[in-house]
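Structure, as structure tokens:
Derivation of every value follows stated rules applied to the coordinates shown; laboratory data play no part. What you see is a predicted model, and the numbers here were worked out from it, not measured in a lab. Cβ placement follows ideal geometry from the backbone for every residue including glycine, while neighbour counts extend to all protein chains displayed.
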Amino acid sequence: MSNYLAWQSDNFITIFIGLVLLEILILVILSLWKMFHNNETLKYEFITIIAHKYRTPLTQVKWLCENLLNSEKDEYKKESLRNINQSNDKLIKLTNSLIEITDSDRSATASYSFETVHLCDFVRLVAEPYKTLFHEKNIFFSVECVAEDIKVKIDKQRIEFVLQSLLENACTYTSPGKNVRVIVERSFRKGLVSVIDQGIGLSGGDLSRIFTKFFRSDSARRVDTEGFGISLFLSKAIMRRHKGKIQVSSDGPEKGAKFELILKVVK
Amino acid sequence: METSQKKKVLWVEDDKLLGKILGEAIAVKGYELQLALTGREAITTLKDFTPDIIMVDLYLPGDMNGYDILERVTTDPRFKKTPTIILSNFGKTEHFGKEHPVAATRYLLKADVGISQILATLHELCPN
């Protein structure tokens, strides 16, 4: 009888401890949920501040510059205004990236607007303005469409950002006299866009961290001090939301790099 | 062009400098512009001003935002065929607090477009 009572008492203690642990677990989950919810609220507040408080003065500068450029006759002043406008556009782009980064870890694609495009046409269109940029730096630049009829469903604005980031990186980290090639091809049900450069390349360690938020390799920092280390992180997040992929390969430092975008082909 | 023949634009924008810069450009293009600083002011203006096109900012002071104005406008038979433009610094895909079902004819992000692009859109939807 005393053994039975002891066994019952042990069971009671076990159940009691179990219940306490369960209650603690529920409290932890609730506080984590609350924390997550608060983070979401903070995120929206952050977007609100950035969107309105930053973009408004940037818009004022942009519109004032445009107004002045239309009426200014002095070529020297015009050039200065164009420079102000270009710097302002860089800030606008950076602000857009900050908003995108805030939004990047949400798994939902609610803010995405997908439409079907011809991959070759789209890549050519995005690459077109970069021809001048590469030419000015004396880099040989080409866009090759191996297969023409590749249709993909994308958020044009987002994939444009991804492509622009790859092209800007290729231009920044490739020396004059070298090549940068963009190849669009099809592999079974996938559309592939490769950006292949002969630039500074990546070490094994850099390859594993290249898509990490704010990561910049030492060699990248030496070539360009202005980079932020967010464009590839954002590109990965964008590709993930397209159920696609971005991958990189390099034979090592000073041996160039190949960035590859993989998108699902649609009918 | 006589005032009566001019196409009428109602623009709801609380930033006075932006209102001045673009407002002058709109007037130069021959439109008659009414600028409202708040949603309430816009609704009051609409009582005796019938615009041919309505442009709204989303983030406005007071108890009415741009979507509230669009909701009022799209349900008013007088403005059934009036084109609308959202001219905001909140991107189309950036959540404005919550998803909103009201849509405008065009959506322009202020920081991404120049005055010439806005005027071109205005002309496309409401040629004068």
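Place a point 7 Å from Cα of A:Lys137 in the direction of its Cβ. Which residues in the range A:143-170 have their backbone N less than 19 Å from it?
A:143-144, A:160-170
Shape of the range A:54-194 from its Cα gyration tensor (a ≥ b ≥ c, root eigenvalues): rounded if a/c is under 1.5, otherwise prolate when a/b > b/c, or oblate? Could you put the intermediate results ahead of the total?
Values: a/c = 2.32, a/b = 1.38, b/c = 1.68.
Since a/c reaches 1.5 but b/c is at least a/b, the shape of the range A:54-194 is classed as oblate.
How large is the dipole of the range A:115-264 about the Cα centre if only Lys and Arg carry +1 and Asp and Glu carry -1, each at its Cβ, rounded to the nearest 20 debye?
The dipole of the range A:115-264 has a size of about 660 debye.
Set the Förster distance to 22 Å, then compute FRET efficiency between A:Leu69 and A:Gln157 from the Cβ-Cβ distance, nearest 0.05.
0.25
For the protein assembly as shown, what is the charge dipole size about the Cα centre, in debye to the nearest 20, if Lys and Arg each add +1 at the Cβ and Asp and Glu each add -1 at the Cβ?
Approximately 700 debye in magnitude.
Over 10 Å intervals from 0, what percent of Cα-Cα pairs in the protein assembly as shown sits in each interval?
Bin by bin from 0 Å, the calculated values are 4, 18, 23, 22, 16, 8, 4, 2, 1, 0, 0.
Give me the extension gain from A:Thr116 to A:Arg82: residue separation times 0.36 nm, minus the current Cα-Cα distance, reported in nm with one decimal.
Using 0.36 nm per residue and subtracting the Cα-Cα distance, I get 8.7 nm.
Write down, largest first, the equivalent ellipsoid semi-axes of the range A:126-267 in whole Å, where each equals the square root of 5 times an eigenvalue of the alpha-carbon gyration tensor.
23, 18, 14
Take every Cα-Cα pair in the range B:15-86 and report what % of them are more than 20 Å apart. Could the numbers behind the result be given before it?
On the way: 681 of 2556 pairs.
Across the range B:15-86, Cα pairs with separations above 20 Å total 27 percent.
Can you list the cysteines of the protein assembly as shown that have no other Cys Cβ under 4.7 Å away?
Result for the protein assembly as shown is A:Cys65, A:Cys171, B:Cys126, no neighbouring Cys Cβ within the cutoff.
Taking Cα atoms of the range A:228-267, Rg/Rh with Kirkwood Rh, to two decimals?
Rg divided by Rh gives 1.07.
Can you flag which of A:Lys156/B:Lys8; B:Lys7/B:Lys110; A:Lys73/A:Lys178; A:Lys90/B:Lys16 are past 28 Å Cα-Cα?
Over 28 Å Cα-Cα: A:Lys156/B:Lys8; A:Lys73/A:Lys178.
Which is farthest toward the positive dipole end of the protein assembly as shown among A:Leu125, A:Ser165, B:Ser116, measuring Cα position about the Cα centre, with Cβ charges +1 (Lys, Arg) and -1 (Asp, Glu)?
It is A:Leu125.
At 7 Å along Cα-to-Cβ for each site, give me the label-to-label distance between A:Phe228 and B:Asp63 in nm.
The modelled label-to-label distance comes out at 3.9 nm.
Give me the distance between the Cα centres of the range A:169-192 and the range A:202-267, rounded to whole Å.
Between the Cα centre of the range A:169-192 and that of the range A:202-267, the gap is 13 Å.
Gaussian network model of chain B, Cα springs within a sub-10 Å range: biggest mean-square fluctuation belongs to which of B:Pro77, B:Pro51, B:Pro61?
Maximum fluctuation in the GNM of chain B, among the listed residues, is at B:Pro77.
Going by how many other Cβ atoms sit within 10 Å of their own, how do A:Glu260, A:Glu75 line up, fewest first?
A:Glu75, A:Glu260
Once the Cβ-Cβ distance between A:Phe16 and A:Lys213 is put in as r, and R0 is 51 Å, what FRET efficiency do you end up with, to the nearest 0.05? Working shown, then result.
Values: r = 45 Å, r/R0 = 0.88.
After rounding to 0.05, the efficiency reads 0.70.
Let me spell out the model: positive unit charges on the Cβ of Lys and Arg, negative unit charges on the Cβ of Asp and Glu, origin at the Cα centre of the range B:3-125. What dipole size does that give, in debye rounded to 20?
Dipole magnitude for the range B:3-125 comes out near 400 debye.
Which one of A:Thr225, A:Leu202, A:Gln247 is farthest out on the positive end of the charge dipole of the range A:115-264, using unit charges on Cβ (Lys, Arg +1; Asp, Glu -1) and the Cα centre as origin?
A:Gln247
Suppose R0 equals 22 Å; then what is the FRET efficiency for B:Arg78 and B:Ala103 from their Cβ-Cβ distance, rounded to the nearest 0.05? Can you show the working numbers first?
On the way: r = 19 Å, r/R0 = 0.86.
Step by step, r from the Cβ atoms, then E = 0.70.
Counting only GluC sites (Glu not before Pro) that are in a DSSP loop and have at most 10 other C-beta atoms within 10 Å, tell me the longest site-free stretch of chain B.
Counting only loop sites that pass the neighbour cut-off, the longest clear stretch is B:3-98.
In nm, what is the difference between 0.36 nm times the number of residues separating A:Glu148 and A:Lys245 and their Cα-Cα distance?
32.9 nm
Any idea which of B:Ile86, B:Ala36, B:Ile54 is furthest toward the positive side of the dipole for chain B, if Lys and Arg beta-carbons carry +1 and Asp and Glu beta-carbons -1?
B:Ile54
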